[in-house]
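The next block holds one structure in the form of structure tokens; read it before the comments.
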Amino acid sequence: MRRRTGHTEDKRAERTLGALAVALLLLIGGMIVTVFVNAWPSFSSNGLSWFGPGGDVDTQLRAMQESTPLPGHSIEYFRAWPLIWGTLLTTVLAVVLALFVSTLAAVFLTEFAPQPVRRILEPVIRLLAGVPSVVYGLIGILALAPFINHHWISTSRKQSVAYVVQLNGADLTTATVILAVMITPIMVALIAGALASVPLPWREGSAALGVNRWRTIVRVSLRTARPAIVAATVLATARALGEAIMLAMVAGGRGFAANPLDGLTFLFEPVRPLAATIVQEQEGLSIAPLAHTIYAIAAVLLVSAALLSFAGWAAKQPLKRYGIRA
Amino acid sequence: MDGAALLGTPKPAPRAGAVVRPKRQGTSAWPLIDRIGYWLCWATGIALCLIVLWIVVYMMIKGIGYLRPALFVEHPAASLQQSKSGGFLDPIEGTLIITAIGTLIAAPTGIGIAVWLSEYARPAPLARAVESAVDVIAGVPSVVLAIFGLLVFSESFLGFLSEHAANGTVYGRSFFAAGIVMALLALPLIVGSTREALSQVPDRVREASYALGKSRASTIRCVLLPSIRPDVASGIALGMGRIIGDTAIITILLGQTLTTQAVGGTPVLGLLRGTGSTLTSYVFYNSPAGEGNSPQKAYAAAFVLLVIVLLLNALVTALTGGRRLDRLGIGARLSLIGRSFPWIP
């Protein structure tokens, strides 16, 4: 082979790799544009009421699938509020639950756990992160949902709402608990990373002033790691928002806006989050109005995920000021 | 702090870099609220272990209980009777094919992009844009990637990658389609671990290579990439884990046929253009949420899936190396395997 001069070879390598990177950029740009273009008919015919409440969302989706418009409405008629509400409920409840668990777990892991316990707990958390979501869904629908159905939901509670919705254990509680288990590892990893990188002298200073270990952790370590905790929360929210398969399996799949005014029954009402709806309605991607609606849902998810990614990045910036990489 | 330890015999100086932990101090002197916090920490840690133990034991009992050697060699069949619905030979093949396609595309692309980002990255604004594009992929829910993929692969000029219907419409669902979109899913993990590793290579290594008259390109090829091989490999293993575990892309882009359905007569190409299933979509199909609804099969397949993930997990640990693992920060250590961890630098 003829020896090329290093310079030409270099230029070619840079161009090739650069082209690869630009292709990726174009692909992502193309994705965002395509999803929005396909979503536009749904948004434009519903306007901002797309996000609002109005009627039974399941009926609207079925009408689109059967190409028979609901009486008095166009075929694109869609009010996503029950789905959005379902997403908000599962996401917020799961993130709040996971926030408590993972902060405590991260503190335990970095501060209190003896070496042998830590050696067990670290792989345990990694395993928790590695379990595929369909396995979580399977456990939820075959173990947790029947358990909740039999032991937590009384017959009288079922009868009290029987004329509106059936309670069968595939509900808000199951979805929230499993979702919390799924996002805990990410949050533990981020928070523990930040806690471990709090400069030792800061903690020693606190200890030297006679502050006990717990207060030192709360007042010094956790406070320093606060940006990481915010970032962990934001990123876990993005993860919870995008979870589709597990929620499609355990959340009940009923476009029902669970009502907090129902008291405790509220926790046992089925929900239908946005991402799960895409999976459940995917058969309808060949039917134009339904496809537009599905792409509109995807567009909402895409925007939220991008915003949350950015927020997570922004939340971590203050840590850099302390010279902490987390 | 322990008063006696402070005033009494001086402690031996700790090794440099070792974490200095104060001698455990009894909690009995703490205020009640602090003690509650302390015990809550212990309770959470143990509870997490118990949850994982329960998941593993539960899946093992259910999975091994329903696992028969025959399941691995029988083709699945649509039947409401669990004794007649066959095994999961096709899903296992499907998982292998999808993982192979995804990895084969994602690995070179990911390494290339990572090298460009760390070694060239000119012009700077473009590099930043590419960086955020990688972040966007990492953050986008896989369902969104899946339905985007369906749009793309239903275009007529990509018809050669899936099935052509008689009326000219392109089906858009095939092993090719699913595998290519899966590559996007694995990409951020590979880019992330390659970049991280490249940034760890000291500059003097590059300078030494330049001083010997090597060009940048050959420095990358002959010096940098060989030196970060284990990290690249663990990134690829992470990506494979993510591909194996994803269900949304499979259910939307692989066509949800239980058995592998080749298109046309061409041996390999026809298979890849055809539809099929993987272990994840098989579990989904056989769960009460799917159409098959035969929990025994779902449990057995989910157990196999879990074992594969565990093995990959072990592989990543082995690749990263026990000793090197200890040097990593706790966050990096925890993030070694996980579907949404590319965010962690």
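The values are calculated or read from the model by the stated rules, or taken from the named source; none is laboratory data. Treat the numbers as computed from the prediction; the structure is a model and nothing was measured. For neighbour counting, all protein chains shown are included, and Cβ atoms are generated from backbone atoms with ideal geometry for every residue, glycine included.
Kindly check whether there is at least one residue in region B:114-121 that is without any contact (Cβ under 8 Å) to a residue 60 or more places away in the chain, in a helix (DSSP H, G or I) and surrounded by fewer than 15 Cβ atoms within 10 Å (Cβ to Cβ).
no
Considering only residues of region A:105-127 that are buried (at least 22 other Cβ atoms within 10 Å of the Cβ) and touching a residue at least 24 places away in the same chain (Cβ under 8 Å), which is farthest from the other protein chains (Cβ to nearest Cβ)?
In this case the residue turns out to be A:106.
Residues being more than 7 Å from chain A (Cβ to nearest Cβ) and among the aliphatic types (A, V, I, L, M): count how many of those fall in region B:127-147.
Matching residues across region B:127-147 total 5.
Can you work out which of the residues in region B:157-176 that are touching a Gly at 6+ places or on another chain (Cβ under 7 Å) and polar (S, T, N, Q) is nearest to residue B:255 (Cα to Cα)?
B:174
I'm checking my understanding of the structure. Among residues of region A:104-145 that are among the hydroxyl-bearing types (Ser, Thr, Tyr) and within 18 Å of the chain's Cα centre (by Cα), which one is nearest to residue B:46 (Cα to Cα)?
Among residues in region A:104-145 that are among the hydroxyl-bearing types (Ser, Thr, Tyr) and within 18 Å of the chain's Cα centre (by Cα), the one nearest to residue B:46 (Cα to Cα) is A:136.
Of all the residues that make up region A:285-299, how many are touching a residue at least 40 places away in the same chain (Cβ under 8 Å) and either under 30 Å from residue A:144 (Cα atoms) or facing chain B (nearest Cβ under 9 Å) (or both)?
The qualifying residues number 5.
Cβ-Cβ distance below 8 Å, separation of 6 or more or different chains: which pairs start in region A:212-230 with a residue that is within 13 Å of chain B (Cβ to nearest Cβ) and over 19 Å from residue A:201 (Cβ atoms) and end on one that is among the polar types (S, T, N, Q) and assigned to a helix (DSSP H, G or I)?
If the second residue must be among the polar types (S, T, N, Q) and assigned to a helix (DSSP H, G or I), the pairs left are A:229/A:103.
In region B:144-171, how many residues are out of contact with any helix residue (DSSP H, G or I) (no Cβ under 9 Å at 6 or more places or on another chain) and of a type in the set (Val, Ile, Thr)?
0
Among (1) over 19 Å from residue A:247 (Cβ atoms); (2) in contact (Cβ under 8 Å) with a residue 40 or more places away in the chain; (3) touching a Leu at 6+ places or on another chain (Cβ under 7 Å), there is one condition residue A:50 misses while meeting the rest; what is its number?
(3)
Output the residue which, of all residues in region B:278-302 that are assigned to a loop (DSSP other than H, G, I, E, B) and within 12 Å of another protein chain (Cβ to nearest Cβ), is surrounded by the fewest Cβ atoms within 10 Å (Cβ to Cβ).
By that ranking, first place goes to B:291.
Do we find that residue A:298 is more than 26 Å from residue A:195 (Cα to Cα), out of contact with any strand residue (DSSP E or B) (no Cβ under 7 Å at 6 or more places or on another chain), hydrophobic (A, V, I, L, M, F, W, C) and part of a helix (DSSP H, G or I) in this structure?
So residue A:298 passes the test.
Hey, does region A:265-272 have a residue that's within 14 Å of chain B (Cβ to nearest Cβ), without any contact (Cβ under 8 Å) to a residue 24 or more places away in the chain and not in a helix (DSSP H, G or I)?
No.
Taking the criterion of being within 12 Å of the chain's Cα centre (by Cα), within 11 Å of chain B (Cβ to nearest Cβ) and not in a helix (DSSP H, G or I), would at least one residue in region A:234-256 satisfy it?
Yes, some residue in region A:234-256 is within 12 Å of the chain's Cα centre (by Cα), within 11 Å of chain B (Cβ to nearest Cβ) and not in a helix (DSSP H, G or I).
The conditions are (1) in contact with a helix residue (DSSP H, G or I) (Cβ under 7 Å, 6 or more places away or on another chain); (2) modelled with pLDDT of 90 or more; (3) within 14 Å of another protein chain (Cβ to nearest Cβ), and residue A:176 fails exactly one of them. Which is it?
(3)
If we scan region A:85-100, do we find a residue that is within 13 Å of chain B (Cβ to nearest Cβ), more than 23 Å from the chain's Cα centre (by Cα) and free of Cβ contacts under 8 Å to residues at least 24 places away in the same chain?
Checked region A:85-100: no residue is within 13 Å of chain B (Cβ to nearest Cβ), more than 23 Å from the chain's Cα centre (by Cα) and free of Cβ contacts under 8 Å to residues at least 24 places away in the same chain.
When you scan region B:153-242 for helices (runs of 4 or more DSSP H) that lie fully inside it, which ones turn up with 3 or more residues that are polar (S, T, N, Q)?
B:175-200
Is there a residue being crowded, with 21+ Cβ neighbours inside 10 Å, among the β-branched types (Val, Ile, Thr) and away from chain B (no Cβ under 14 Å) anywhere in region A:54-63?
Looking through region A:54-63, at least one residue is crowded, with 21+ Cβ neighbours inside 10 Å, among the β-branched types (Val, Ile, Thr) and away from chain B (no Cβ under 14 Å).
Please go through region B:195-211 and pick out each residue that is surrounded by fewer than 13 Cβ atoms within 10 Å (Cβ to Cβ) and of a type in the set (Asp, Glu).
B:203, B:207
Does residue A:17 satisfy the condition of being at the interface with chain B (Cβ under 10 Å from one of its Cβ atoms), part of a helix (DSSP H, G or I) and over 17 Å from residue A:287 (Cα atoms)?
yes
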